[in-house]
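> Have a look at this one.
No lab work stands behind these numbers, since they all come straight from the coordinates. Predicted, not measured: the structure shown is a model, and the values here were computed from it. A quick note on method: Cβ atoms are made from the backbone with ideal geometry, for glycine too, and the neighbour counts reach across all protein chains shown.
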Amino acid sequence: MELFEFMKQIVYQAGSNIREQLNKPLLIETKSNPNDLVTNMDKETEQLMYDAIMEAYPEHHIIGEEGSGRDITSMEGTVWIIDPIDGTLNFVHQQENFAISVGVFVDGKKYAGVIYDVMRDTMYSARAGHGAYKNEEPIAPLVDSELRQSIISMNPNWLTKDYMKDIYSDIVIKARSARSYGSAALDFAYVATGKVDAYITLRLHPWDFAGGVIIAEEVGAVVTNQMNEPLDMLYANSIMVANKALHEEIYTQYLKPHSAALDNIHQERFHRR
Ligand code: IPD
Ligand code: CA
Ligand code: CA
Ligand code: CA
């Protein structure tokens, strides 16, 4: 079986396992803070996928949010970057609006991305250079938009501190409207399918964006950090993904004027090359 088909197959299997167990009691623990939750299903889903990949491809490398591949420091070989449940808070509180996200890279090159909206049974997928799909339907290339006619996705938490307000509130004011979905992977899928025109966030990990970057770029989205720099798949970063014209407008008119502040944030929080 082709690797791309295998990716989709194990993600479907992991998703149906989550659906089957949805009514069983959850074991919920906290991670870095009281609102950073992890459940037994996050861990079980990562383990299930890990075991399936290792059985089929023992030479592959796996980085997962719940602990796999912490020692991996290079993108050499075939590297899977997995978020077993992206949107754990939605999973716990809503039992919907969460996704499984997978990006696969071969010697550092994008190979394929898969984002599975488990409860809607909707699979977003793309093999680099071969188009993106929503289930079996090809996703159309993105159409340019202007901020004043665009819906942007941004978590309101990014407006709660003064230094953030200075950077982001003008974007929210100028946009047609703003949304917050609580799953970075679904945000990428929504940009890719034109449901929102941009997704802007100040901190994501590779497992949040690895699958989404491949799918979004395949339909012409521009994906960078907020300094307009390329993303590194081994490190956390800020994110801006949008159709080409909107990415340019937001970067040049709203982020670049704050480049000194953004540079400080990036120096403090993120690995810079
Ligand atoms: C989180 C979600 C959320 C984003 C957070 C992520 P998780 O992932 O993608 O939308 O705002 O930064 O950590 O922990 O639910 O997999
Ligand atoms: Ca998490
Ligand atoms: Ca995540
Ligand atoms: Ca997760």
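> When you look at Glu76, is it in a loop (DSSP other than H, G, I, E, B) and in contact with a helix residue (DSSP H, G or I) (Cβ under 8 Å, 6 or more places away or on another chain), yes or no?
No.
> I've got another one for you. Residues that are within 16 Å of ligand 2 (Cβ to nearest atom), within 24 Å of Pro34 (Cβ to Cβ), small (Gly, Ala, Ser) and out of contact with any strand residue (DSSP E or B) (no Cβ under 8 Å at 6 or more places or on another chain): does segment 171-182 have at least one?
yes
> Now a separate question. State which residue is nearest to His93 (Cα to Cα) when the search covers only segment 171-199 and only residues that are assigned to a strand (DSSP E or B) and away from ligand 3 (no atom under 16 Å from the Cβ).
Within segment 171-199, the match that is nearest to His93 (Cα to Cα) is Arg179.
> Being touching a helix residue (DSSP H, G or I) at 6+ places or on another chain (Cβ under 6 Å), farther than 25 Å from Tyr111 by Cβ and surrounded by fewer than 22 Cβ atoms within 10 Å (Cβ to Cβ): is that true of His258 here?
Yes.
> Filter segment 79-118 down to the residues that are of a type in the set (S, T, N, Q) and in contact with a helix residue (DSSP H, G or I) (Cβ under 7 Å, 6 or more places away or on another chain), then identify the one that is farthest from ligand 4 (Cβ to nearest atom).
Asn97
> With respect to Leu202, is the statement that it is within 11 Å of ligand 1 (Cβ to nearest atom), outside any helix (DSSP H, G or I) and surrounded by fewer than 23 Cβ atoms within 10 Å (Cβ to Cβ) true?
The answer is yes for Leu202.
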